[in-house]
Amino acid sequence: MPKKKSQEKTSQNKKLNNDEKELLSYKEAFRFNRKAFLLLYKRYPQMFTSSIICVIWDALTPYVGIYLSARIIDEIAGSRNPETLKRLVLYTLFSAAFISLVTALLSKWRNNQESGMYFKVQQVFTQKLMEMDFVNIDDAKTHEMLSTINQNQNGGGWGLYRVTGNMNNLISAVFSLLGGAALTVTLFTQLVPEDAGKLTVLNNPLFVLVIIAVMLAVTYIGSALNNKAGSYYARRADAHNLGNRLFGFYGWLGYQQELAPDMRIYRQDIICDRYNSDKTSTFGSKGIFARYARGPIGLYNAASAAIAWFLVGGVTVFVCLKALAGAFGVGSVTMYSTAVLSINSGIATFFGTVGDMRNNASFLKLIFDFLEMPNTMRQGFRPVDKRDHWNYEIEFRDVSFKYPGSEEYALKHVSMKFGAGERLAVVGQNGSGKTTFIKLLCRLYDPTEGVILLNGTDIREFDYLEYMAIFSVVFQDFRLFAFSLGQNVGTKVAYDSELAGNVLRKAGFGERLDTLEDGLETYLYKDFSKKGVEISGGEAQKIALARTLYKDAPFIVLDEPTAALDPIAESEVYSNFNDIVGDKTAIYISHRLSSCRFCNDILVFHEGELVQRGSHEELCKETDGKYYELWNSQAQYYNA
């Protein structure tokens with residue numbers, strides 16, 4: 001192996017070895033698990049109710065069969081009374097049938113309530129995102145946090161998924177202990193006969209206490225060892241997530257149809273093979289988890305299993321000795337052995353679950369850091385006036401803005417006004433502040449300095465949702481959904497089909513609409529329907545434009561609305577623009593200045609500042625201005 005490559009791998013392994021999660025204390029672990037349980041229970045109470053009842057039922061019912069089987073064996077080994085045997089067998093059959101019937105009904109109830117658990121958990125995060133300030137949604141740290149949460153859940157099963165399982169295991173353990181204890185009380189109270197010789201020592205209360213203490217100690221130690229093994233996975237969750245991300249990326253690139261040409265032309269399969277065949281990777285045979293499996297994880301698990309079997313052997317010997325001494329019959333040997341093993345299993349499950357809850361607590365903490373992220377944007381209560389003919393005026397008064405965590409101004413001292421019915425173009429180079437201007441206008445962000453006014457009132461005074469309702473926007477990176485065409489346009493299930501059809505034709509989608517067999521009920525893409533249709537980028541932009549018209553808001557904002565259209569379709573949109581927009585106020589963002597000539601007012605941004613404003617003709621006369629420079633830099637290609 002080349003020295004440089006060896007050093008890289010050594011450095012990576014050191015990073016993985018040092019990159020450990022710190023486990024929280026048991027007190028903190030209990031607090032976060034309790035919060036998580038209450039969070040889910042508040043949303044899905046029947047899911048937890050059905051699960052708890054099922055767990056208790058499943059934990060206790062086996063003891064009915066154990067008890068009746070022991071009585072049958074005792075009767076066969078003893079007096080062999082036919083009537084007694086018949087009665088015990090009937091009790092066993094009827095109880096088994098009844099338990100099976102109730103178990104089936106309870107399981108069906110629980111399965112119905114727990115179905116779609118993945119989506120129920122995701123709904124918790126989706127609701128938080130919908131309620132979150134956009135300033136937080138747009139922050140890369142928020143997406144990194146949510147991505148980590150999803151990787152923890154999908155990779156190692158950590159987080160909210162584990163809460164329900166741990167709750168079930170705890171309840172099952174407690175009731176297994178109670179049921180086993182009820183059956184084993186007589187194991188310690190039934191005395192060995194005095195004529196049993198040396199075996200009478202089994203009657204000594206101190207001996208009984210020692211047996212119980214050893215059972216508890218061995219069970220606890222076994223569970224602790226098992227939890228210690230599991231903690232390695234929890235501590236190395238970041239390495240586990242990184243491995244999953246690398247596999248999810250490099251392992252599936254070849255399956256993506258849209259990437260297939262580049263994969264083949266540039267032989268990117270060679271790059272993928274380097275990662276997929278690396279034995280020192282996270283899940284490779286020489287990777288970190290393989291080393292742990294051969295080392296501490298394997299040793300802890302082996303020791304835990306050995307101790308468990310040591311306990312089984314010790315309990316079996318104790319029960320058999322008491323039976324040999326005459327304390328009880330052979331049927332009770334089976335009952336006591338099974339019951340004691342159930343107690344052992346219950347104790348092991350209890351301690352194991354407590355340890356797993358502690359391992360899971362750090363992942364729950366991250367989830368609550370996300371869910372409890374505070375909203376800081378001011379929420380006004382003033383209603384937006386519903387004015388005739390949309391007679392609104394917007395004013396930016398000395399507005400400056402910095403993105404969170406940045407020291408640089410994205411906008412600096414912008415002051416301007418525009419009113420109802422105007423056609424406003426916003427132009428400038430990449431990074432000049434155009435998109436930031438739109439985000440502030442729509443109140444996705446609040447200004448760092450200055451104020452934005454609607455008819456003379458600070459927009460922060462208005463009800464947030466009412467203010468946003470006066471804007472209809474086609475963002476450059478808009479999305480359509482795999483719903484029906486009509487639902488994409490109307491943005492609701494029950495939409496106005498006549499209006500949806502009209503705005504689609506107005507946006508230039510009429511010809512394609514006429515070819516669709518199911519019309520507005522045609523599904524876009526094939527995610528949910530085999531009859532779904534694939535649409536081009538230009539068609540998608542027309543649908544997005546129709547969506548803005550359907551909303552019928554007084555302000556329409558179009559961010560590069562024709563970027564994916566062919567020249568003929570683009571020309572049609574421009575020539576019909578006034579008819580499409582009507583008496584609404586239109587704000588148009590574009591890199592192609594030739595497409596802005598129909599606008600009566602052009603705003604020119606440069607390095608975060610509004611450097612020019614005027615009509616195309618006026619701005620072209622300012623030969624030392626930015627607009628003139630941009631216009632001529634593009635026009636020279638057409639003139640040539």
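Could you state the number of Å between the C-alpha centres of segment 38-58 and segment 93-153? Taking the Cα centre of segment 38-58 as reference, the centre of segment 93-153 is 12 Å away. For residue 228, the aspartates and glutamates whose Cα falls under 13 Å of its own Cα, not counting residues fewer than eight places away in the same chain, are 356.
Cross-link reach is defined here as a Cα-Cα straight distance under 21 Å, omitting same-chain residues fewer than 8 places apart; for residue 198 the lysines meeting it are 322. Rg over Rh for the chain works out to 1.13, both radii taken from alpha-carbon positions and Rh defined as the Kirkwood radius. Inter-part distance, segment 293-338 to segment 364-416, computed on C-alpha centroids, equals 67 Å.
What the chain shows is 53 Å² of accessible area per residue, with the surface traced by a 1.4 Å probe over protein heavy atoms. Scanning the chain for GluC sites (Glu not before Pro) lying in DSSP loops with no more than 10 further Cβ atoms inside 10 Å, the longest uninterrupted stretch between such sites is 23-371. Each residue was assigned an accessible area with a 1.4 Å probe, and for residue 497 the value is about 70 Å². Largest accessible area first, the residues 376, 585, 349 order themselves as 376, 349, 585 under a 1.4 Å probe with ligands, DNA and RNA left out. Heavy-atom accessible area with a 1.4 Å probe sorts 255, 525, 275, largest first, into 255, 275, 525.
The separation of segment 159-208 from segment 249-278, counted between C-alpha centres, amounts to 58 Å. When 627, 91, 464 are compared by accessible area at a 1.4 angstrom probe, the order from most to least is 91, 464, 627.
Over 23 Å apart at the Cα level, from the set 108/530; 412/551; 584/626; 492/542; 141/439, are 108/530; 412/551; 584/626. Here the gap between residue 597 and residue 529, fully extended at 0.36 nm per residue and compared with their Cα-Cα distance, gives a gain of 20.2 nm. Of the trypsin sites (Lys or Arg not before Pro) in segment 414-513, the ones in a loop by DSSP (not H, G, I, E or B) with at most 15 other beta carbons within 10 Å are 479, 492. Segment 435-498 has equivalent-ellipsoid semi-axes of 30, 15, 8 Å, by the square roots of 5 times the alpha carbon gyration tensor eigenvalues, sorted largest first. Here the label points at residue 617 and residue 85, each 7 Å from Cα along the C-beta direction, are separated by 11.5 nm in the simple model. The distance between label points at residue 369 and residue 64 comes to 4.9 nm (points 7 Å beyond Cα on the Cα→Cβ vector). Estimated from helical segments only, the mean residue ellipticity of the chain at 222 nm is -19500 deg cm²/dmol, where each DSSP H run of four or more residues counts as -39500 (n - 2.57). Available extension along the chain between residue 264 and residue 312 is 11.3 nm, counting 0.36 nm per residue and deducting the alpha carbon span. Estimated from the Cβ-Cβ distance and a Förster radius of 60 angstrom, the FRET efficiency linking residue 294 and residue 400 is about 0.50.
Over segment 177-279, all Cα pairs binned in 10 Å intervals from 0 give whole-percent P(r) values of 11, 21, 15, 11, 11, 11, 11, 7, 2, 0, listed from short to long.
Estimated from the Cβ-Cβ distance and a Förster radius of 30 angstrom, the FRET efficiency linking residue 465 and residue 41 is about 0.50.
Simple point charges give the picture: +1 on the Cβ of Lys and Arg, -1 on the Cβ of Asp and Glu, and for segment 254-375 a dipole about the Cα centre of about 520 debye. When peptides 288-299, 549-560 are sorted by average Cβ neighbour count within 10 Å, with the highest value leading, the order is 549-560, 288-299. Here residue 413 sits with roughly 120 square angstrom of accessible surface, probe radius 1.4 Å. Between residue 194 and residue 330, the modelled labels are 2.9 nm apart [label points 7 Å from Cα along Cα→Cβ].
Considering the options 206, 223, 153, tell which one lies farthest towards the positive end of the dipole of segment 141-241, charges being +1 on Lys and Arg and -1 on Asp and Glu at the Cβ, about the Cα centre. Final value for the positive-end residue is 153.
The DSSP beta bridges internal to the chain are antiparallel in roughly 50% of cases. Using the Cβ-Cβ distance between residue 124 and residue 551 with R0 set to 35 Å, the FRET efficiency works out to roughly 0.75. Relative to the current alpha-carbon distance between residue 515 and residue 53, full extension at 0.36 nm per residue lengthens the span by 160.8 nm.
Of the residues 502, 126, 303, the one whose Cα sits farthest towards the positive end of the charge dipole of the chain is 303 (charges of +1 on Lys and Arg Cβ, -1 on Asp and Glu Cβ, taken about the Cα centre).
The values are calculated or read from the model by the stated rules, or taken from the named source; none is laboratory data. All of these numbers come straight from a predicted model, not from anything done at the bench. Neighbour counts run over all protein chains shown; Cβ positions are idealised from the backbone, glycine included. Protein only, heavy atoms only, side chains kept; ligands, DNA and RNA dropped before computing areas. Shrake-Rupley method; radii C 1.70, N 1.55, O 1.52, S 1.80 Å.
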